Structure formats: C-alpha cells, structure tokens
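Below is one structure, written out as structure tokens, with a few remarks after it.
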Amino acid sequence: MNIVIILLLLTIIVETAQQLFFKMAGMDNKKRLIYSFLGISMYLLFVVIWLRILKDLPLGFALPIMGFNYVTVAFAGNLFFKEKISIKRWGGIMLILLGLTLVWFGGASFL
C-alpha cells in the first residue's frame, strides 16, 4: 500500500480522535484541560501528517478525501457518546461516501 494512502487514513483517525477529545473537554469540567491538551496535540499531529500528504498529492484530491472525517466522527459520536444518527444524517453520510467514491476513482491516477 502506498505510504500516502496510509497517511490519509492516519489523518482521518487522528482528526476523529481530536474531535472526540474536544467533545470530552466540553463535557467534563474537571478534566477539561487534559482533554483540551489531547485535542490540541492531535491537531498538531494532524498538521505534521497533512503537510507530508500535500507534498505528494494535489490539494484538490486530498482535501475532499478528508470529508470522510464527517462519517467517522458521526460513528464515533454514536459509539462513545450515544449521539443519534437521524435518517437525514444517514442520507448525508451516503452522499459524502458517494462523493468520496467519485473523487477517489475520478482522480487517483497519481497514487
């Protein structure tokens, strides 16, 4: 597997973790500083990986792929915080996945 694909997957994981830590910071006043620090740390790690990705991929391809974060954050919110995923949100998730498929197969010749 190409290293850039692995890095794209890693950024999605890191950004999802970042959002979970920020959510926890907002929910827990006693541990707000710890969770905020973890969220900011994930953001800094994301930036480092993202800069490496942009070295090899066109921005017009890489950025739309990051839209997958909306899907992973929705599932993580459901899993960890019991947030509901409505029918309309499921529809949005399906549209995002369709868009990602079109971007991936329509412009991935450079991978």
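Laboratory data are not the source of any read-out in this text; all were calculated from the coordinates shown. Since this is a predicted model, take the numbers as computed values, not measurements. All Cβ positions, even for glycine, are placed from backbone atoms using ideal geometry, and neighbour counts span all protein chains on display.
Residues that are within 24 Å of W104 (Cα to Cα), touching a residue at least 40 places away in the same chain (Cβ under 8 Å), in contact with an Asp or Glu (Cβ under 9 Å, 6 or more places away or on another chain) and not in a helix (DSSP H, G or I) are absent from segment 42-59 altogether. L44 passes all but one of (1) over 19 Å from T72 (Cβ atoms); (2) surrounded by 14 or more Cβ atoms within 10 Å (Cβ to Cβ); which number fails? Every listed condition holds for L44 apart from (2).
When we screen F80, F75 for residues that are in contact (Cβ under 8 Å) with a residue 60 or more places away in the chain, among the aromatic types (F, W, Y) and either assigned to a helix (DSSP H, G or I) or in contact with a Ser or Thr (Cβ under 9 Å, 6 or more places away or on another chain) (or both), the only hit is F80. Within the bounds of segment 94-101, is there any residue that is in contact with a helix residue (DSSP H, G or I) (Cβ under 7 Å, 6 or more places away or on another chain), in contact (Cβ under 8 Å) with a residue 40 or more places away in the chain and buried (at least 17 other Cβ atoms within 10 Å of the Cβ)? No, every residue in segment 94-101 fails to be in contact with a helix residue (DSSP H, G or I) (Cβ under 7 Å, 6 or more places away or on another chain), in contact (Cβ under 8 Å) with a residue 40 or more places away in the chain and buried (at least 17 other Cβ atoms within 10 Å of the Cβ).
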